[in-house]
Amino acid sequence: MSSKLSALLLSAGLFALAPKMSAQNPSTAQAQQMLQNPALLQQLRQRIMSSGLTPDQVRARLRAEGYPDNLLDAYLPGATGGVDTTASSDAVFSAITRLGIADTVEVDLLRCGIDADSLVVPDTLPNGLVDSSGTARRRQERFASLRAGCLAQEDSIKRGLKTGGAADSGYTIFGLDFFRNRSTAFNPNLTGPVDANYRIHPDDQLALILTGDVEQSYSLPVSREGFIIIPQVGQVYVNNLTMAEVENALYARLGRVYSGVRRGAGATTHFYITPARLGSNQIYVTGDVVRPGAYRISSAATALTALYASLGPSDNGSLRNILIRRAGAAVDTLDVYDYLLNGNTSHDVRLNNGDLVFVPIHGPRVRIVGEIARPATYEISPRETLADALRFAGGFTATAARQRVQIERIVPPAQRVPGGRDRIVTEIVSDQFTAGTGPSIPVLDGDVIRVFPVASRVRNRIYVRGDVWSPGSVGLAPGMKVSDALRLAGGVRPDVYLGQVLIARTQPDSSRQELRAALRDTTGAVINDLPLQEDDEIRVFSTSEFRPIRYVAINGAVRKSGQFPYREGMTMRDLVLLAGGLDQSAYLNEAEIARLPVNRANGVTATTFRTPLDSSYIFERGPDGKYLGPPGLPASSGPNPEVTVQPYDNILILRQPNWELQRTAVVAGEVRYPGRYSLKTKTERITDIIERAGGLTPDAYANGVTFYRTRNGVGRIGIELPDVLRNPRSLDNLPLQDGDSLFIPRYNAVVNVQGAVNSPVAVTYSPGKSLEYYVRAAGGPTRKADVKRAYVTQPNGKVEARDTRFLLPDAVPKPLAGSTVFVPERDPSDLGAAAILANIGTVSQVLAGLVTLIIAIRH
């Protein structure tokens, strides 16, 4: 996978897809899909817009640079389409760079999903002065820092994809993360204290304190020429002097002014000199570093401080041979490995103003992977060997197989021969690996050192599984037998099956052999106590494993019907308790038990019998012992003898005959006493409940009755209430059910006309008028109206439609006051048929006219 594709993965947030895409190279379509990330598209369009180039100018410059003139059309202002799938991501970013729309640093930031313009750096100093040059410098530093982090993360993704998402494949370059992880460890030391070797520099500030005969303190800045000026003493040259040398110079100069300043016990005036603030040096970091350039750092800073400020060596930079130059001459060479691995700072020299830190390209590198403490890529000096490389990597892990180390090597150019033998593998076998070191064998640039793990198979153990107290693996001792293994596993459980113990043995050819032993008793004494071998598996059985799952069931008038595990000695009362107790409708005189038959002849599947119940099965009672539920049939007080159940019994708790809670119906509207009424009998009818409600009021409109039944989702039922009131034997005088509702409205002297009419409106009711009258009163039917299918919903809920009669006039319904007339639209398929018929009629007329004309001509 290319680095650019990895960057796009980073910018699009597609880390989860990276392992999946590592198995094969991504297609062009996949790459373009990543380039269509909306955030990246917006940033590219913003960059082109801010460049000041018009779309025509962009196309002209693309053509001049040798690119297709439509390469960036998808990113031009006003573009709404997607990315051109024929254009690669490399070409897009390359064109943006060539046209000067963005530089390489900004392109790298765009690939990481970072908009360079969004990085705002303050341009004012703490004293309020404007520092435009500092702004540019800090902005560039910010760019470089983000770019370094982005590229490092991209590199991490790339390496992870190469290895199929392995945890660590050794591609990480050792030591670089030390400089990438930003912290305050190497911030400039501006306030002291300093060590005894620190040399005073211009811009430092010293604090001089006099005590004794003279009590005085001075703040003494070091001038550019290296002097400090002490009141009444004069100037003292301190540049490049250590603190001890400054102290010696002050004894001489202060002693001339203050007689009490002298060395020894006779001194009556003492002084103390210390740095109060350190100045800064301008140093230069060049070579293969992430951020080369000039830096102003603390005058107490060292070469590592400068490297840290520049984000350290790049991927191509050396960590072993960093040069410190002063006035054109080499002062020292820094090996970062000495600092990281040994804590040695002897070559981390303190820098002076104008010093240069140069990072050359890296030397030979080897990659160490496998069972090693720090898998990574290491830079090797010319005289270092395999033992040094293993030491750099932290030595072997506990799981390393130390018999051998494998080196995959690229054959040096002078030793290569034709035939594809450019890479070879060398096995290094040495006793020194056992001690944690290695032989002094030279390693070459590009070597891959692999440390293999020990064998995964665990030896010298057996397994004990099943009915023992501590099942699992057991270490195999010489002469161990089955009884010994059972004892180490905590012994057998009391319900152990004595008849047989199985021992599965693995043969040398990996086949399995079954051996057997038996137990004498539950103490674990073994009959046929076999000696055990490595990887034997002992299986101890429990008698409960062979026991069928037995249950009893209860249903009927209980709160929780179902099956419950059978227990020896379980009674019917126990089962009622497990079922949450009896329901309030339970019949307490008897229950039915269905039991498996002893003889299944003639297809018998169960035998049933009744067993007595009593009121003692009611567990919910008040403090006085009185039953708190609804009344029911009389039951004996009991208790009757307990009934023991058997496995698979099915107990049915009967319900009381005709038992149910009160049923209610609602009467509302124009009745004297509207409300929710409890039904007294199962045969109570509409007339009965209207009578209980005091009858209808004078304003009641019986024809407009609304009767609803909620049970079973029936809904509204049309009834002729006037007929019901006149004749209680009417078929519409329905028996009431729980939840029924009856609403009698006031008289409503209008008829609503809806549907395919020109003016849907409410029309004043006119007695005896038909449906057609009200359709005409609403403006008549529309062109799409199907008048023959119009219907009336009468105020009582009944629906009436036109009745077509053969050789007789159609029966047209007559709406009542409060009804609704609805005119539907014609079916579109009927419209097509009508048009066909009309066309046929027209053609017939034309043909008839032609025939008449022809006859006239002949005569």
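The values are calculated or read from the model by the stated rules, or taken from the named source; none is laboratory data. Model, not experiment: these values are computed from the prediction. Virtual Cβ from ideal backbone geometry, glycine too; neighbours counted across all protein chains shown. Each accessible area value is taken on the protein alone, full model and side chains, heavy atoms only, with ligands, DNA and RNA left out. Shrake-Rupley method; radii C 1.70, N 1.55, O 1.52, S 1.80 Å.
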So, for the stretch 453-566, what is the accessible surface per residue at a probe of 1.4 Å, expressed in square angstrom? 57 Å²
So if I take the centroid of the Cα atoms in the stretch 564-599 and the same for the stretch 483-510, what is the distance between those two points in Å? 42 Å
May I ask you to evaluate 6.51 cos²θ - 1.76 cosθ + 1.60, the Karplus curve with θ = phi - 60°, for each residue of the stretch 273-279 and list the ³J(HN,Hα) values in order in whole Hz, giving x for glycine and proline? 10, 8, x, 9, 8, 9, x
Taking square-rooted eigenvalues a ≥ b ≥ c of the alpha carbon gyration tensor, is the stretch 317-432 rounded, prolate or oblate, where a/c under 1.5 means rounded and, failing that, a/b exceeding b/c means prolate? oblate
Got the relative contact order for the stretch 501-595 handy, in percent, Cα pairs under 8 Å and 6 or more residues apart? 19 percent
Enumerate the calculated ³J(HN,Hα) couplings along the stretch 538-544 in order (Karplus 6.51 cos²θ - 1.76 cosθ + 1.60, θ = phi - 60°), each rounded to whole Hz, writing x wherever the residue is Gly or Pro. 9, 10, 9, 9, 10, 5, 5
Is the stretch 195-234 best put as rounded, prolate or oblate by its Cα gyration tensor, with a ≥ b ≥ c the root eigenvalues, rounded for a/c under 1.5, and otherwise prolate when a/b is larger than b/c, oblate when not? oblate
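Tell me, what is the Rg over Rh of the stretch 761-836, with Rh the Kirkwood radius over Cα pairs?
1.00
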May I ask you to give the percent of accessible area on the stretch 681-801 that is carbon plus sulfur, with a probe radius of 1.4 Å? 49 percent
Computed from the beta carbon distance with a Förster radius of 60 Å, FRET efficiency for Ala294 and Ile549 to the nearest 0.05 stands at 0.10
Go ahead and run the numbers for FRET between Tyr791 and Phe609, Cβ-Cβ distance against an R0 of 56 Å, rounding to 0.05. 0.35
The stretch 225-332: GluC sites (Glu not before Pro) in DSSP loop, at most 14 other beta carbons within 10 Å: Glu225
Could you tell me which of rounded, prolate or oblate describes the stretch 376-520, using a ≥ b ≥ c as the square roots of the eigenvalues of the alpha-carbon gyration tensor, with rounded for a/c under 1.5 and, failing that, prolate when a/b is larger than b/c and oblate otherwise? prolate
Mind checking which aspartates and glutamates have their C-alpha under 12 Å from Lys784, skipping anything on the same chain fewer than 8 residues away? Glu825, Asp827, Asp830
How large is ³J(HN,Hα), in whole Hz, for each residue of the stretch 316-328 in order, when computed from phi with the Karplus curve 6.51 cos²θ - 1.76 cosθ + 1.60 and θ = phi - 60°, using x for Gly and Pro? 9, x, 8, 9, 10, 9, 8, 9, 10, 10, 9, 6, x
Would you mind working out the accessible area per residue for the stretch 677-796, using a 1.4 Å probe, and quoting it in Å²? 54 Å²
What ranking do 388-399, 548-559 get when scored by the average of other Cβ atoms within 10 Å per residue, highest first? 388-399, 548-559
Probe 1.4 Å, heavy atoms of protein chains only: per residue, the accessible area of the stretch 381-429 in Å² is 62 Å²
